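Below is one structure; the comments refer to it alone.
Coordinate-derived values only; no laboratory data. Note that the structure is a prediction, hence the values are computed from the model and not measured. Neighbour counts are summed over all protein chains in view; Cβ atoms, including those assigned to glycine, are modelled from backbone coordinates with ideal geometry.
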Amino acid sequence: MLTLLYLFAIPLLAACIGYALGYAAIHLKVEGDPLVDEISALLPNGQCGQCGYPGCSQAAKAMACGEAPPDVCPPGGSALAQKVAAVLGVTLDSNGMKGPQVAAIAMDGCDGCGRCIKQCSYDAIVGATRQLHGVIAEACTGCGACVSVCPHNGISLYPDPAFMSRVSKPGAIKPAALEVKNA
Amino acid sequence: MMILRAPHAHEGISIKKVMFKVNIALAPAVLLGIMQFGMPALFLVITTIVSALVCEVISLKLNPRAEGEINDGAAILTALILAMSLPPHAPLWIGALGAAFAIFFGKQVYGGLGQNLFNPAMLARVVLLISFPVEMTKWITPSAFYDGVWYKMGVDGVSGATTLGLTKEGAQTSFHWLSHVLGTNTGSLGETSAMLMLIGGVWLIQQQVFTWHVPLATLVGCLLPGTAMWFADPSVVPEPLAQLTSGGLLMCAFFIATDPVTTPTSNRGKLIFGAGTGFLIFVIRTFGNFPEGVAFSILIMNAVTPLIDQYTRPRMYGYGLKTEEK
Amino acid sequence: MLKAQIRPHGGIHPDSHKQLTSQNPVITMQAPWRLILPLKQHAGAPALPVVEVGDEVKADQLIATGNGRFSMPIHAPLAGQISAIDQNNITIKVDMKNPRNSVGNTPHANHALSRDEMIELIEQSGIVGMGGAMFPTADKLRLSQKYLIDTLIINGSECEPYLTCDDRLMQEQGDRIMGGIRYLQQITLADKVFIGIEENKPAAIAAMEALCKAEENMQVVGLPALYPMGSEKQLIEAVTGRQVPSGKLSADVGVLVQNVATSIAIFEALRFGRPLTHRVITISGDAVEVPSNVLAPIGMPISEIVAQCGGLKTTPARIVLGGPMMGRAINDIHAPVTKGTSGVLLLTEDELPNPKASACVRCGRCIGACPMSLTPLDMVAELKVDNFDKAAEMGVMDCLLCGSCAYVCPAAIPLTQYFDWGKQEINKIRFAEQKTARTCLNSAARRERMEREAAEKEAAKAAKAATRRPSRRNSAAATNSTAATEEESA
């Protein structure tokens, strides 16, 4: 009798654990995809459509399954891209990332046609018809939609001055020698 | 390389200088121990130091990104403390093995200087004690070197028992306080001279290498319950002065528990750490299986240090104020 | 003399080197042949020039106006001709024959101006905090109109090593400081005035105490000589015993602090109508022949000042604007003195530290030194791995960047630089989050507007179609279609 018990002890234990896991898999299943919810919570949720998807939840789904890269959201910028990449556990391709940028309209090229105003989905361009147009840097996300529509190629992107770094991380760059210049 | 950013001033202390001062403070006790226990002790100390340095060099070659340098004095200090806590006539391979373990597994595997969680010397001592109990408990009576009697290599020392060991076994000895204080007592290299340890420790406090919090808290934490227990039942513990001057308590209070890497950073945290260490030493000595409890208590308190740090953060300026609604 | 109520936590005691200049009375500088006036001598955007190259200007004439919030006007310190204007500076070639040819100033009798008029005049005079922060004084004083100020503290601590200009000002121009204090009392309506002076300046304490005897509610407070005793938060804690809550202003605890030099500038502006054009600075260090305290026009190149102070003894290893703890190292000896420059240090190699860099051994000296009771060693561990959230939680945004922790660190870890970088990155992150929220609101508002406009267009079209006189063709089609629909429904 005892021998029988010894023989069946381990298979019995395995069977119990297996049953418990199966029960959990069915009755304790998590609804929805927590990854998509996590990414969706990070997004701005303004439904601006700049990423190419109809809404932010669709963009989150696309990012979660790898269809869209983590930096697909222009208003989020590189800060958001890094957070999403961290959630997904992927490394961000820094080559494509240029840091936050804003647009600027070159004064001599602008004839006031107004195509850029119609294109900008953030209302960051101002200007009366046939007058010089200008970009409000604080409202511009650097998505680049206006750059392609300007018929005179008068709009270009440049690094956002609000994100200029005055101090660098210690140890990152070797400090240059500070030689005193005299008369 | 000059610092090019503010501040353009510095107090002038460096890690190397601090380590050097601690080594200097420990040196008189080491020298006395070598004189008392002779050539075998000298070779043990040398072997431990050399082994530690060799292991440090190997580690830094294997991992150049590890913190610390070979000549910053930290490896020598670890080796000295380990050697001081070993039996004076222990075989040389014990010293070498202990130092190797201390450097590799006590320090470098965590990332080098400043990264370890446990005190490397105490870790090594515990490992040696558990692995080689016979060699690690062979205590020798010090030679009367002042009368010209020296221990030479190969001569078996006169074995004796330590004060704490005798108390554990229930044998009462008459306590010669002078011998304890001056250092002519049986014990490990570092246990014997209480006076030199005390002088060295107080000098380090004066040099601002560490503050008074840890040493005082450790001594009080061990002696307060110890004295109370002695009043209650003198057969279980030796008298308070004996407790103070034996078993490496003074070396622990001034040289081991003050290791900055593995102990809390705030003053309140240091007091808690010291009190805990002292109390655990008392408990292990009185109720535990081992006659001496320094190494174990230090390791236990090291494990609790991050928790102590978390809860003894100073209150920042401008936080937690009673705000008046204007 | 009162004693400090609380000794601030932490702080350090660096070698003061003040004996190099503390006994030297202020020397007035001769006019240099050119002045270089930076357009940004304040916290806000650079000022806008109102003169052009070639214009002749007189002393005290306005040459640049403020440009938005926290931006202050700039006046010509000496007469001359504008020789260059670029995006950073205006350069004046000084008329050496008559440099002090002034455009004229309007004096005001005592009590002739209202509070608002006084603040307006201070703004027009271009006065900024001369202790080094260069925060516009007028904006600071306007706070006193929003908050109830009961205590005015005059900052005569001068905790940085080497600097003695405020010490000499208190000894030599105490009456003008008092003049400024009286104006400040009228503006802020403060009940009590305390003049905070470190105890290592006994002559200054004696001088100010003698002047305070004649006043009610004005007292000198002797402060412990530690760095950074002159930091506003620590000064308030020591003098009043109150701490400024994190993220709040000193006005929130009813206190306003002004530097002694700023007080003198306020006096000059309100009593004599003179704008801020000159200031006293300490020029010190072993590389200069005669370390001194000098009264120099703003914009005077350092090389000119050095020339009038006996010239250089040796080539300086480093030039620092300000004190050694928080000053900025520069590499151009022709750089000018600005409104916020309290000192110029020409340091030799021996005076510069060269500590041995090592690893953090968690010794905790930095915790003991931090005046804000932060934990630098933990904060830097988080910043090393870009854990900005955790670092902000530990209080890195409260860091004064005073440099006390880096001063005591045995491992010579660049703590101050880490915290400067950390604060910058956290500010960038917060700014980015705010910008994202704003742009998304804009985009949503725009979408809404588009839809509304499209709907209005549709509605207008439909309304127009309904009110149009039906033509024959239309009515026939309409009848047919109505008939068709009737058939369908039948």
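Key figures for this structure:
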quantity	calculated
Fraction of antiparallel bridges per DSSP, the range C:2-279 only, in percent to nearest 5	45
Protection proxy ranking, peptides A:1-7, B:209-215, average beta carbon neighbours within 10 Å, highest first	B:209-215, A:1-7
Amide H within-cut-off set for C:R318, under 5 Å, with H built and near neighbours excluded	C:L347
Radius 11 Å from Cβ of A:K169, net charge of other residues (Lys, Arg +1; Asp, Glu -1)	-2
Helix-only CD estimate at 222 nm, as mean residue ellipticity for chain C, using -39500 (n - 2.57) per DSSP H run (n ≥ 4)	-11500 deg cm²/dmol
Selection of GluC sites (Glu not before Pro), the range B:270-326, meeting DSSP coil and at most 14 other Cβ within 10 Å	B:E324, B:E325
The range C:360-429 versus the range B:62-141: alpha-carbon centroid distance in Å	32
Cα-based shape type of the range A:101-160, given that a ≥ b ≥ c are square roots of the gyration tensor eigenvalues and the cut on a/c is 1.5	prolate
Neighbourhood charge, 13 Å Cβ-Cβ cut-off, centred on B:Q208 and excluding it, Lys, Arg +1 and Asp, Glu -1	+2
Summed residue charge, Cβ within 13 Å of C:T338's Cβ, Lys/Arg positive, Asp/Glu negative	+4
Share of Cα-Cα pairs in chain C lying beyond 37 Å, as whole percent	38
Degrees between helix C:202-212 axis and first principal axis of chain C (Cα, 0 to 90, nearest 10)	70
Rounded, prolate or oblate (a/c below 1.5 giving rounded, otherwise prolate when a/b exceeds b/c) for the protein assembly as shown by Cα gyration tensor	oblate
Other-chain or far-sequence residues with amide H under 5 Å of C:H108's (modelled H)	C:F272, C:G273
Vicinal HN-Hα couplings computed from phi for the range C:117-126 (Karplus, 6.51 cos²θ - 1.76 cosθ + 1.60; Hz; Gly/Pro x)	5, 5, 5, 4, 5, 4, 5, 5, 7, x
Restraint check, C:K248/C:K423; B:K270/C:K423; A:K169/B:K61; B:K16/C:K423; B:K21/B:K138; C:K18/C:K356, Cα-Cα greater than 20 Å	B:K270/C:K423; A:K169/B:K61; B:K16/C:K423; B:K21/B:K138; C:K18/C:K356
Net charge dipole size for the range C:52-97 [Lys, Arg +1 and Asp, Glu -1 on Cβ; Debye, nearest 20]	140
Gap separating the Cα centres of the range C:210-258 and the range B:203-217, nearest whole Å	34
Relative exposure of C:T65, A:T141, B:T263, judged by other C-beta atoms within 10 Å (fewest first)	C:T65, B:T263, A:T141
Proxy reagent accessibility, fewest Cβ within 10 Å first, across B:K16, B:K322, C:K3	B:K322, C:K3, B:K16
Per-residue mean of C-beta atoms belonging to partner chains within 10 Å, peptide C:155-162	1
Any cysteine of chain C lacking a neighbouring Cys Cβ under 4.7 Å - listed by number	C:C159, C:C165, C:C212, C:C309, C:C360, C:C363, C:C370, C:C399, C:C402, C:C409, C:C440
Three-way shape label, chain A, alpha-carbon gyration tensor, a/c 1.5	oblate
Scattering profile of the range A:1-90 at q = 0.11, 0.13, 0.16, 0.23 Å⁻¹ [log10 I(q)/I(0), Debye over alpha-carbon scatterers]	-0.48, -0.55, -0.67, -1.02
Hz values of 3J(HN,Hα) by residue in the range C:189-199 - Karplus curve (6.51, -1.76, 1.60), Gly and Pro given as x	6, 6, 6, 10, 10, 10, 10, x, 10, 5, 6
Qualifying lysines (Cα of each under 23 Å from Cα of C:K213; at least 8 residues distant if same chain)	C:K3, C:K192, C:K201
Span-like helix ranges in chain A, DSSP H, alpha carbon extent 15 angstrom or more, Kyte mean at least 0.0	A:2-27, A:77-88
Neighbour-count order for C:H9, C:H75, A:H133, fewest beta carbons within 10 angstrom listed first	C:H9, C:H75, A:H133
Whichever aspartates and glutamates have a C-alpha closer than 19 Å to that of A:K83, once near sequence neighbours (fewer than 8 apart) are set aside	A:D33, A:D37, A:E38, A:E67, A:D71, A:D93, C:E382, C:D386, C:D389, C:E393, C:E425, C:E433
Whichever lysines have a C-alpha closer than 21 Å to that of A:K29, once near sequence neighbours (fewer than 8 apart) are set aside	A:K61
Shielding by partners - mean other protein chain Cβ count within 10 Å, residues of C:411-424	5
